[in-house]
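**Student:** Shown below is the structure under consideration.
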Amino acid sequence: MQIPHDTRRALDLVVDLVNTAPDEDQPDGLSDVAALRDFVREHEISDVGELGARDLAGVRTVRTRFAQVFAARNARTAAGVINELVASAGTTPRLTDHDGYDWHVHYFAPGASVGDHIAADCGMALAFIVVSGERERLRRCEAPDCRRAFVDLSRNRSRRYCDSRTCGNRLHVAAYRARRKEAGE
């Protein structure tokens, strides 16, 4: 599956955004406007003005909707959420080349809020996955103590963990130790 650089960056962004959501083990990664500023800077989100409380609320709402895409049981449900996000963002596709990147498409309208910007660009990246018949690549980590989102871009769609070095390795070591214990070693 070949994915253009802008779509790949948007997929990475949406995964990181969904993974900022608070849960029982993790505080909200977007706890305040300063955290949102850091997130925007770390992800090099272009054309973003001064951020405020309204932007933080908007991005948190978009984050919740993107989490629903990862939780969707089928492509039709995922497509419905994506369609709503993209439509509400006022999508305005335009070609651009900036910051050393070759031509690519931005979907957000000029002057859009950061929430609409993310909803448009990331929504279209997720739409690319659904249209390609690859919705099952939008996953949650299978480690029992982790539910982080990720996009499985492996050739055979076999990735099970958000990070093979942490979650995957931890489970493999636990299984190995259990087998050794069972064998009486």
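**Student:** Out of (1) among the β-branched types (V, I, T); (2) surrounded by 16 or more Cβ atoms within 10 Å (Cβ to Cβ); (3) farther than 24 Å from V59 by Cβ, the odd one out for T166 is which?
**Tutor:** So T166 meets the others, but not (2).
Residue-wise test of (1) on the phi > 0 side of the Ramachandran plot; (2) open to solvent by less than 50 Å² (accessible area, probe 1.4 Å); (3) not in a strand (DSSP E or B).
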site	(1), (2), (3)
E50	no, no, yes
R63	no, yes, yes
F66	no, yes, yes
V69	no, yes, yes
A78	no, yes, yes
A87	no, no, yes
G111	yes, no, yes
M124	no, no, yes
R147	no, no, yes
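**Student:** On the given criteria, is L11 open to solvent by 70 Å² or more (accessible area, probe 1.4 Å) and either without any contact (Cβ under 8 Å) to a residue 24 or more places away in the chain or touching a strand residue (DSSP E or B) at 6+ places or on another chain (Cβ under 6 Å) (or both)? First the steps, then the outcome.
**Tutor:** Working: open to solvent by 70 Å² or more (accessible area, probe 1.4 Å): no; either without any contact (Cβ under 8 Å) to a residue 24 or more places away in the chain or touching a strand residue (DSSP E or B) at 6+ places or on another chain (Cβ under 6 Å) (or both): yes.
Considered against the rule, which asks whether it is open to solvent by 70 Å² or more (accessible area, probe 1.4 Å) and either without any contact (Cβ under 8 Å) to a residue 24 or more places away in the chain or touching a strand residue (DSSP E or B) at 6+ places or on another chain (Cβ under 6 Å) (or both), L11 comes out as no.
**Student:** Could you list all residues from region 111-124 that are touching a Lys or Arg at 6+ places or on another chain (Cβ under 8 Å) and either under 12 Å from V48 (Cα atoms) or modelled with pLDDT under 95 (or both)? Steps first, answer last, please.
**Tutor:** Of all residues in region 111-124, those touching a Lys or Arg at 6+ places or on another chain (Cβ under 8 Å) come to 113, 119.
The one that is touching a Lys or Arg at 6+ places or on another chain (Cβ under 8 Å) and either under 12 Å from V48 (Cα atoms) or modelled with pLDDT under 95 (or both): S113.
**Student:** Does region 23-45 contain any residue that is open to solvent by 20 Å² or more (accessible area, probe 1.4 Å), more than 29 Å from D163 (Cα to Cα) and modelled with pLDDT under 90?
**Tutor:** No, because not a single residue in region 23-45 is open to solvent by 20 Å² or more (accessible area, probe 1.4 Å), more than 29 Å from D163 (Cα to Cα) and modelled with pLDDT under 90.
The values are calculated or read from the model by the stated rules, or taken from the named source; none is laboratory data. Just so it is clear, the structure is predicted and the values come from calculations on it, not from any experiment. Here Cβ is always computed from backbone atoms with ideal geometry, including for glycine, and neighbour counts include all displayed protein chains. Note: areas computed on protein heavy atoms with side chains; ligands, DNA, RNA excluded. Shrake-Rupley method; radii C 1.70, N 1.55, O 1.52, S 1.80 Å.
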